[in-house]
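The structure appears right after this line, and notes come after that.
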Amino acid sequence: SQHYRSIFQQRQAWYLRHFFDPATHRSLKKDGSLMDTQTSYAVPLALNILDDTEKAFAAQYLAEACTRSSIDDDKVERPPYSLMTGFIGTSCISKALSDSGHSDIAYKMLLNRQYPSWLYPVEQGATTIWERLNSYTKENGFGGNNSMNSFNHYSFGSVGAWLYNYVLGIQRDEAAPGWQHFYLQPQLETTGALTWARGHYDSPYGRIESGWRRTEDGWSYQAVVPANTTAT
């Protein structure tokens, strides 16, 4: 309704006034100093709370923040495509990149095996998802994290939603409850680093399947649309 639209616009204006520089459009901390981090752009982009002008700048700055080297909390420089986010930013970063036309960057971050990344723990032998990106590192071992550190914790597994929604391309239609209508729009990995993807989602109407594969002359794509539903 117009009432709630008005409230949203008021809160949006407050947020932009306090956390974005009107001159440079870069993100700010509460004290007005520069923030300019992956999370500071990924979260508002993923939540769709920016106006069109700020959205365009945030998309550009998010891409920059992901493709440059960064300094972590221990003052160590980390390479491009590192995951410089906490719980909240990690759940938003891949979605924000893809929604902004940067799925190529999202894929490079997904497939990065250097610390800090999703696959670094896998390289260390992890079979579950860790609570912290630095739960264990070759540099610092457990790094004093044992007082509060789980090696079976969902936290950074939120990238799984991006795998379903963007790699497989299975997305619900908010206007059609219960997945009666949905979208199939996979965003492919085009460099050859990933040559196939396949998966499914068990909706109330039945199993939705989506899968693609690189072939010698292009791509093949297969999908299953359950009975009594439609897909775009």
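Assorted remarks:
- Test for Ile49: is it open to solvent by less than 50 Å² (accessible area, probe 1.4 Å), of a type in the set (A, V, I, L, M) and farther than 30 Å from Pro121 by Cα: yes
Conditions (1) among the basic types (Lys, Arg); (2) in a helix (DSSP H, G or I); (3) touching a strand residue (DSSP E or B) at 6+ places or on another chain (Cβ under 8 Å); (4) in contact (Cβ under 8 Å) with a residue 24 or more places away in the chain, marked per residue:
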residue: Ser150; (1), (2), (3), (4): no, no, no, no
residue: Val159; (1), (2), (3), (4): no, yes, no, yes
residue: Tyr164; (1), (2), (3), (4): no, yes, yes, yes
residue: Ala175; (1), (2), (3), (4): no, no, yes, no
residue: Gln187; (1), (2), (3), (4): no, no, no, yes
residue: Thr191; (1), (2), (3), (4): no, no, no, yes
residue: Leu194; (1), (2), (3), (4): no, no, no, yes
residue: Ala197; (1), (2), (3), (4): no, no, yes, yes
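- Matching option when the condition is open to solvent by 70 Å² or more (accessible area, probe 1.4 Å), in contact with a helix residue (DSSP H, G or I) (Cβ under 9 Å, 6 or more places away or on another chain) and not β-branched (Val, Ile, Thr), among Tyr136, Tyr166: Tyr136
- Selected residue [open to solvent by 40 Å² or more (accessible area, probe 1.4 Å) and out of contact with any Asp or Glu (no Cβ under 8 Å at 6 or more places or on another chain)] from Ser210, Ser203, Ser147: Ser147
- Filter pass, Tyr41 being closer than 21 Å to Ala106 by Cα and outside any helix (DSSP H, G or I): no
- Gly169 in contact (Cβ under 8 Å) with a residue 40 or more places away in the chain and over 20 Å from Ala42 (Cβ atoms): yes
- Here is the figure for the stretch 216-232: residues that are open to solvent by 100 Å² or more (accessible area, probe 1.4 Å) and within 12 Å of Gly206 (Cβ to Cβ) total 1.
The values are calculated or read from the model by the stated rules, or taken from the named source; none is laboratory data. Everything numeric in this text was worked out from a predicted model, so none of it was measured. Don't worry about glycine lacking a Cβ; one is built from the backbone with ideal geometry, like all the others, and counts go over all protein chains shown. Each accessible area value is taken on the protein alone, full model and side chains, heavy atoms only, with ligands, DNA and RNA left out. Shrake-Rupley method; radii C 1.70, N 1.55, O 1.52, S 1.80 Å.
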